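Below: one structure, written as structure tokens.
The values are calculated or read from the model by the stated rules, or taken from the named source; none is laboratory data. Everything numeric in this text was worked out from a predicted model, so none of it was measured. Backbone-built Cβ (ideal geometry, glycine too); neighbour counts: all protein chains shown.
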């Protein structure tokens, strides 16, 4: 008898997203709950009647009751699906901890099974049994799946392992200090081993997969959220695994080198490749290279437009040099309303362009441009620039430049 189910993991409900403003953090938190709905809908569309969650349902073991209940209510709404959950390293099953509260104090929906003991769990209505490896601590000295080798089950049942941890020999370490032997699939006669912890979707070995997180939550890798639709025709049959897109937001990192404002068109095209819905994109962009000062206004406008179109944009210009020239400053009035800054900039440019020009001059002019829109007074900026100029001149005279 064929078995079809959804494999997911690493929901991390309750993740705070403290590095963002409150409004964006709220949207990111809501997206993780909404991912549960998308998983349920994917199960229905593919004829699956149960979902297995390979750990880290929650982000921590110390959460408010409302946060604990929220994913349960999302799962309750899909009453035709059975949801099997195990604790991971973020929400491990400590004595009298989160999972004790769930089982004892919070009323679990009838269609939700919290598997907090390493013992076989039959799947209602299917010729299948789940062998869970719940974590009881953030780190373990032993492989929590080892018990599966000697676990006897009725003949004719598909054996599905459910675990959370890092795999020996796999290129990424994930987040946990729990190591799992990928040889478990063969030794325990598993039709499939569903893993959590690694947030990207990955086939580690035949019949052994990480589903990844259904909703990305950091810039570590430019990826979208997925769950896995798994079909097994019967005991001994190969698992047919299909990634299912479930993510809402896209997190991406990009480095771009520019030499003129014309290069920004290529950068825009590269950004567009991440998603056709820019309002869902969170981007960290590192701009490198050098721009003529005549292109500064266009770059600033481009940056402002990008920030307005995306859900979130961090644009780092630490490695971008603004190459100054007096004519450009006068023509574009880049330092309009700040004659003191203009005077300092012109003086620095003159020194740079004179015999034995000062290499530090361009750097100081770039700082003037960056500071022009801050609350620092022009006089203070001019004074600071002159001090830097004097120090640079002394260093050059001493032969250190």
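Taking the condition at pLDDT below 95, closer than 25 Å to residue 58 by Cα, in contact with a strand residue (DSSP E or B) (Cβ under 8 Å, 6 or more places away or on another chain) and assigned by TED's automatic domain parsing to the domain that holds residue 206, does residue 176 pass?
In short, yes.
Scan the strands (runs of 3 or more DSSP E) fully inside the stretch 194-313 and keep the ones with 2 or more residues being surrounded by fewer than 16 Cβ atoms within 10 Å (Cβ to Cβ) and over 21 Å from the mean Cα position of the chain (by Cα).
Values: elements: 202-205, 208-210, 226-232, 240-245, 250-258, 281-292.
So the answer is 240-245, 281-292.
Which condition number in (1) over 20 Å from residue 9 (Cα atoms); (2) surrounded by 14 or more Cβ atoms within 10 Å (Cβ to Cβ) is the one that residue 133 fails?
Status for residue 133: all satisfied but (1).
Go through 14, 19, 47 for me and flag whichever is touching a strand residue (DSSP E or B) at 6+ places or on another chain (Cβ under 7 Å) and surrounded by fewer than 19 Cβ atoms within 10 Å (Cβ to Cβ). Give the steps one after another, and end with the answer.
Working: 14 fails: surrounded by fewer than 19 Cβ atoms within 10 Å (Cβ to Cβ); 19 fails: touching a strand residue (DSSP E or B) at 6+ places or on another chain (Cβ under 7 Å).
The unique qualifying residue is 47.
Okay, residues lined up against (1) in contact with a helix residue (DSSP H, G or I) (Cβ under 6 Å, 6 or more places away or on another chain); (2) free of Cβ contacts under 8 Å to residues at least 24 places away in the same chain; (3) farther than 25 Å from residue 177 by Cβ; (4) surrounded by 15 or more Cβ atoms within 10 Å (Cβ to Cβ):
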residue	(1), (2), (3), (4)
101	no, no, no, no
125	no, no, yes, no
129	no, no, yes, yes
152	no, yes, yes, no
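This table checks each residue for (1) touching a residue at least 12 places away in the same chain (Cβ under 8 Å); (2) in the same structural domain as residue 113 (by TED's automatic domain parsing); (3) closer than 21 Å to residue 115 by Cα; (4) not in a helix (DSSP H, G or I).
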| residue | (1), (2), (3), (4) |
| --- | --- |
| 11 | yes, yes, yes, yes |
| 16 | yes, yes, no, yes |
| 30 | no, yes, no, no |
| 43 | yes, yes, yes, no |
| 47 | yes, yes, no, yes |
| 51 | yes, yes, yes, yes |
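Filter the stretch 301-325 down to the residues that are more than 27 Å from residue 248 (Cβ to Cβ) and touching a helix residue (DSSP H, G or I) at 6+ places or on another chain (Cβ under 9 Å) and list them by number. I'd like the intermediate steps shown before the answer.
Kept after step one, since they are more than 27 Å from residue 248 (Cβ to Cβ), are these residues of the stretch 301-325: 301, 317-325.
Once the filter is applied, which keeps residues that are more than 27 Å from residue 248 (Cβ to Cβ) and touching a helix residue (DSSP H, G or I) at 6+ places or on another chain (Cβ under 9 Å), the stretch 301-325 yields 317, 320, 321, 322, 323, 324, 325.
Hand me the list of strands (runs of 3 or more DSSP E) wholly inside the stretch 98-166 holding 2 or more residues that are within 22 Å of residue 240 (Cα to Cα). Explain how you work it out, then say what you get.
Working: elements: 112-114, 128-132, 158-164.
It comes to 128-132, 158-164.
Look through 144, 120, 134 and report the one residue that is under 25 Å from the mean Cα position of the chain (by Cα) and closer than 27 Å to residue 4 by Cα.
Details: 144 fails: under 25 Å from the mean Cα position of the chain (by Cα); 120 fails: under 25 Å from the mean Cα position of the chain (by Cα).
On inspection, the qualifying residue turns out to be 134.
Taking the stretch 72-91 as the region of interest, how many residues are more than 15 Å from residue 115 (Cβ to Cβ) and under 20 Å from the mean Cα position of the chain (by Cα)?
2
Which ones in the stretch 57-88 are part of a loop (DSSP other than H, G, I, E, B), out of contact with any strand residue (DSSP E or B) (no Cβ under 7 Å at 6 or more places or on another chain), under 20 Å from residue 8 (Cα atoms) and without any contact (Cβ under 8 Å) to a residue 60 or more places away in the chain?
In the first step, residues of the stretch 57-88 are kept if they are part of a loop (DSSP other than H, G, I, E, B); the result is 57, 59-64, 77-81, 86-88.
Pick out the ones that are also out of contact with any strand residue (DSSP E or B) (no Cβ under 7 Å at 6 or more places or on another chain) and you get 60-64, 77-80, 87.
Remaining after also requiring under 20 Å from residue 8 (Cα atoms): 60-61, 77-80, 87.
Listed by number, the residues that qualify are 60, 61, 77, 78, 79, 80.
Quick one: would you say residue 231 is modelled with pLDDT under 95 and either farther than 27 Å from residue 137 by Cβ or not assigned by TED's automatic domain parsing to the domain that holds residue 282 (or both)? Step through it out loud before you land on a result.
Numbers: modelled with pLDDT under 95: no; either farther than 27 Å from residue 137 by Cβ or not assigned by TED's automatic domain parsing to the domain that holds residue 282 (or both): yes.
Criteria not met by residue 231.
If residue 262 satisfies every condition in (1) touching a strand residue (DSSP E or B) at 6+ places or on another chain (Cβ under 9 Å); (2) more than 22 Å from residue 29 (Cα to Cα) but one, which is the exception?
The number of the failed condition is (1).
If residue 91 passes every condition in (1) at pLDDT 95 or above; (2) surrounded by fewer than 22 Cβ atoms within 10 Å (Cβ to Cβ); (3) not in a helix (DSSP H, G or I) but one, which one does it miss?
The failed condition is (2).
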